[in-house]
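Written out below as structure tokens is the structure these notes cover.
The values are calculated or read from the model by the stated rules, or taken from the named source; none is laboratory data. The structure displayed is predicted, hence computed values, not measured ones. Positions of Cβ are backbone-derived with ideal geometry, glycine not excepted, and every protein chain shown enters the neighbour counts. These area figures cover heavy atoms from the full protein model, side chains too; ligands, DNA and RNA do not enter into them. Shrake-Rupley method; radii C 1.70, N 1.55, O 1.52, S 1.80 Å.
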Amino acid sequence: MQTVKLLLAGGLAGAISKTATAPLARLTILYQVSGLHLASAGAGAGHIQRLSLGAALQHIIHQEGFRALWKGNGVTIIHRMPYSAANFWAYESITRAWQHKWPASRPHEDILRRLCAGGLAGMTACSLAYPLDLVRTRLSAQTTSNYYTGISHALRAIVQDEGFLGLYRGLGATLLQIGPSLALNYCAYETLRSHALQLFPEYNSPTVAMSLACGSMAGVFSSSFTFPLDLVRRRIQLCGQHGGEQQRMRYKDVVRSIMAHDGFRGFYAGLLPEYYKVVPSVALAFCSYETLKKFLNVATVDNRHR
């Protein structure tokens, strides 16, 4: 029953954070993929590259309507709930196993454990839910022209156009980004939370303010280091949709293309909306998770020693 509660808390936390930040998440994807000049993206995506954050949001609303800010959010929720549930569950399980084997960890060993647990948890969850992440990216990247009409159609079309393995296009690049991103994310959050609880010994678990503050800083920290990898994997995910000419582009091909067209700065296209998205998204995810664990009475290890 504790496992079910833990999975439920993790799944709901992911759904809440993603729905709240869906407009910024879609804007980040459009910034990231606008350099591809794909026919499916239409003229709107290239135009967004030159707009400020507020103007870009207004542009999407004007071109596609207010609801378009949440385009792809349905598949995001379907993807995020099992992904987030598996992610938090795997992290908690690895943490328990590690602390059972090495109960008296030193500070540097705690940091290593957080990095390993976060990276392994992220890659496990990502591998399980990856096809839905691919579909979410392609639905969100559509602007004036909609080749994919929905989740089921996108899944069928990808298999028909690119084969079954097309559902896993960009998985290697995604794992390369997700591993260090989640490792840094969990490590930063857990370290900051541990220090916060030591500063305020009257609390046995983090308050809402603690979770929001620690989650925000952890999100900014991890995104700053791994954003270029995220940009590359987004573009790989879009290569080959409709059976296009970029179908066979590999990781190194995308890196070379970005350097040739945009230079080093091209690897950070969309970083500003990514920050705007990450700060509330990671903060809400950790805060919701902590709150739901309390509400569901989920038993966890002492937060001061995590």
Handout entry: Complete set of residues in the stretch 220-232 that are surrounded by 18 or more Cβ atoms within 10 Å (Cβ to Cβ) and either β-branched (Val, Ile, Thr) or outside any helix (DSSP H, G or I) (or both)
Key = 226, 232
Completion exercise
Output for Cβ contacts, cut-off 6 Å, separation at least six or different chains, first residue touching a residue at least 24 places away in the same chain (Cβ under 8 Å) and among the basic types (Lys, Arg) in the stretch 192-215, second open to solvent by less than 40 Å² (accessible area, probe 1.4 Å) and part of a loop (DSSP other than H, G, I, E, B), reads 193/206
Exercise for the section: Can you confirm whether the stretch 197-219 contains a residue that is open to solvent by 40 Å² or more (accessible area, probe 1.4 Å), at pLDDT 85 or above, more than 25 Å from residue 148 (Cα to Cα) and within 16 Å of the chain's Cα centre (by Cα)? Expected result: yes
Handout entry: Set 205, 181, 194: member being within 16 Å of residue 290 (Cα to Cα), out of contact with any Gly (no Cβ under 6 Å at 6 or more places or on another chain) and either aromatic (Phe, Trp, Tyr) or part of a helix (DSSP H, G or I) (or both)
Key = 194
Practice task
For the stretch 104-130, name all the residues that are open to solvent by less than 70 Å² (accessible area, probe 1.4 Å), among the aliphatic types (A, V, I, L, M) and either without any contact (Cβ under 8 Å) to a residue 24 or more places away in the chain or under 21 Å from residue 28 (Cβ atoms) (or both).
Solution key: 125, 129
Exercise for the section: Could you grab the pairs with beta carbons closer than 7 Å, sequence gap of 6+ or different chains, first residue in the stretch 252-268 and in contact (Cβ under 8 Å) with a residue 12 or more places away in the chain, second one aromatic (Phe, Trp, Tyr) and part of a helix (DSSP H, G or I)? Expected result: 258/267; 268/227
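Condition check ((1) over 19 Å from residue 234 (Cα atoms); (2) among the polar types (S, T, N, Q); (3) surrounded by 20 or more Cβ atoms within 10 Å (Cβ to Cβ); (4) in contact with a Lys or Arg (Cβ under 6 Å, 6 or more places away or on another chain)) across all residues:
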{"residue": "72", "(1), (2), (3), (4)": "no, no, yes, yes"}
{"residue": "79", "(1), (2), (3), (4)": "no, no, yes, yes"}
{"residue": "132", "(1), (2), (3), (4)": "no, no, yes, no"}
{"residue": "155", "(1), (2), (3), (4)": "no, no, no, no"}
